[in-house]
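**Student:** Below are the structure tokens for one structure; questions will follow.
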Amino acid sequence: EPEVTQTPSHQVTQMGQEVILRCVPISNHLYFYWYRQILGQKVEFLVSFYNNEISEKSEIFDDQFSVERPDGSNFTLKIRSTKLEDSAMYFCASSDGAGAKNIQYFGAGTRLSVL
Amino acid sequence: AQTVTQSQPEMSVQEAETVTLSCTYDTSESDYYLFWYKQPPSRQMILVIRQEAYKQQNATENRFSVNFQKAAKSFSLKISDSQLGDAAMYFCAYRSASKLTFGKGITLSVRP
């Protein structure tokens, strides 16, 4: 069964450093998403991406965040200057359509620890 | 803005018994979908079941079923014949357009 793949599973970084979280969406999907889950809290939407453009972003997704589809398979989330409060689980998701009926399939997540 | 509320932080069920997880939501939209996702200790988010707001019939997936009350904006998940592998965090989620809006989740433990 096709699945969303995220790497690395755990990333440890120093405050102020840049990190790139990587995702390989399901191959025929065109809509991509990043969500964040701070430990013990709800999963929060960060950004959606389609046709090489951001479709929607939340208040969390400020100027230190960026997303990119550098090639035909990868979808990345970059945090330019990490803060302690960026420590969280980051989930990538993909779907084959933008509508509410289209299921978003999630990866296993990347745990980001900012020291 | 849409909100999803899961007021029970934890529940416990005896193996083979039935448990119901509650969820309420608030929206002004008429067309939307509701989802239950399971998050086991591995932290992977796994879709359990989904319900379209326009469908009156409650969705069922094997041992999992929902009780969708549109007027009351309620969407509960019933797990029948609970198994040890059902132990996980369960998130209720709403979607009308691009993004999913999640509740805070409920931790379900299954007693052998």
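The values are calculated or read from the model by the stated rules, or taken from the named source; none is laboratory data. The structure displayed is predicted, hence computed values, not measured ones. Methodologically, a virtual Cβ is constructed for each residue, glycine included, from the backbone with ideal geometry; neighbour enumeration extends over all protein chains shown.
**Student:** Cβ-Cβ under 7 Å, sequence separation 6+ or interchain: first residue in region A:67-86 and without any contact (Cβ under 8 Å) to a residue 60 or more places away in the chain and more than 23 Å from A:Leu39 (Cβ to Cβ), partner charged (D, E, K, R) and assigned to a loop (DSSP other than H, G, I, E, B). Which pairs?
**Tutor:** These pairs meet every condition: A:Phe75/A:Arg69.
**Student:** I've got another one for you. For region B:39-66: of the residues being of a type in the set (A, V, I, L, M) and within 12 Å of the chain's Cα centre (by Cα), which is surrounded by the most Cβ atoms within 10 Å (Cβ to Cβ)?
**Tutor:** Selected residue: B:Val66.
**Student:** Are any residues in region A:50-68 among the acidic types (Asp, Glu) and either surrounded by 13 or more Cβ atoms within 10 Å (Cβ to Cβ) or over 22 Å from A:Val19 (Cβ atoms) (or both), and if so, which ones?
**Tutor:** Correct list: A:Glu53, A:Glu56, A:Glu68.
**Student:** Give me the residue from region B:89-112 that is among the hydroxyl-bearing types (Ser, Thr, Tyr) and either within 14 Å of chain A (Cβ to nearest Cβ) or in contact with a Gly (Cβ under 7 Å, 6 or more places away or on another chain) (or both) and, out of that set, farthest from B:Pro9 (Cα to Cα).
**Tutor:** B:Ser98
So that you can scan it fast, the table gives a plain yes or no per residue for (1) of a type in the set (A, V, I, L, M); (2) touching a strand residue (DSSP E or B) at 6+ places or on another chain (Cβ under 8 Å); (3) closer than 24 Å to B:Gln14 by Cα; (4) within 14 Å of chain A (Cβ to nearest Cβ):
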| position | (1), (2), (3), (4) |
| --- | --- |
| B:Lys38 | no, yes, yes, yes |
| B:Met45 | yes, yes, yes, yes |
| B:Gln51 | no, yes, no, yes |
| B:Glu61 | no, yes, yes, yes |
| B:Ser76 | no, yes, yes, no |
| B:Ile79 | yes, yes, yes, no |
| B:Gln83 | no, yes, yes, no |
| B:Ala87 | yes, yes, yes, no |
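**Student:** Can A:Arg22 be described as buried (at least 16 other Cβ atoms within 10 Å of the Cβ), at pLDDT 95 or above, over 30 Å from B:Glu10 (Cβ atoms) and of a type in the set (D, E, K, R)? Working first, answer last.
**Tutor:** Details: buried (at least 16 other Cβ atoms within 10 Å of the Cβ): yes; at pLDDT 95 or above: yes; over 30 Å from B:Glu10 (Cβ atoms): yes; of a type in the set (D, E, K, R): yes.
When the stated conditions are applied, A:Arg22 passes them.
**Student:** Please indicate, with yes or no, whether at least one residue in region A:43-55 is of a type outside the set (A, V, I, L, M, F, W, C), part of a loop (DSSP other than H, G, I, E, B) and within 14 Å of chain B (Cβ to nearest Cβ). Lay out the reasoning, then the answer.
**Tutor:** Let us first name the residues in region A:43-55 that are of a type outside the set (A, V, I, L, M, F, W, C), namely A:44, A:48, A:50-53, A:55.
Checking which are part of a loop (DSSP other than H, G, I, E, B) leaves us with A:51-52.
Applying the additional criterion that residues be within 14 Å of chain B (Cβ to nearest Cβ) yields A:51.
Yes, region A:43-55 contains a residue that is of a type outside the set (A, V, I, L, M, F, W, C), part of a loop (DSSP other than H, G, I, E, B) and within 14 Å of chain B (Cβ to nearest Cβ).
**Student:** Does region A:74-99 hold any residues that are farther than 25 Å from A:Gly16 by Cβ and hydroxyl-bearing (Ser, Thr, Tyr), and which are they?
**Tutor:** Hits for region A:74-99 are A:Ser94, A:Ser95.
**Student:** Any residue at all in region A:1-23 that's within 12 Å of chain B (Cβ to nearest Cβ) and over 27 Å from B:Ile106 (Cα atoms)?
**Tutor:** yes
**Student:** Separate question: Going by what's in this entry, would B:Lys104 be described as over 16 Å from A:Ala100 (Cα atoms), out of contact with any His (no Cβ under 9 Å at 6 or more places or on another chain) and not in a strand (DSSP E or B)?
**Tutor:** Judged against the criteria, B:Lys104 is a match.
**Student:** Here is a follow-up. Yes or no: region B:10-32 includes at least one residue that is within 11 Å of chain A (Cβ to nearest Cβ), closer than 12 Å to B:Leu77 by Cβ and within 14 Å of the chain's Cα centre (by Cα).
**Tutor:** no
**Student:** Mind counting the residues in region A:76-113 that are of a type in the set (Gly, Ala, Ser), part of a strand (DSSP E or B) and within 10 Å of chain B (Cβ to nearest Cβ)?
**Tutor:** 2
**Student:** Sticking with this one: Can you find even one residue in region B:79-95 that is at pLDDT below 95 and in a loop (DSSP other than H, G, I, E, B)?
**Tutor:** No.
**Student:** Looking only at region A:35-42, decide whether some residue is in a strand (DSSP E or B) and of a type in the set (Phe, Trp, Tyr).
**Tutor:** yes
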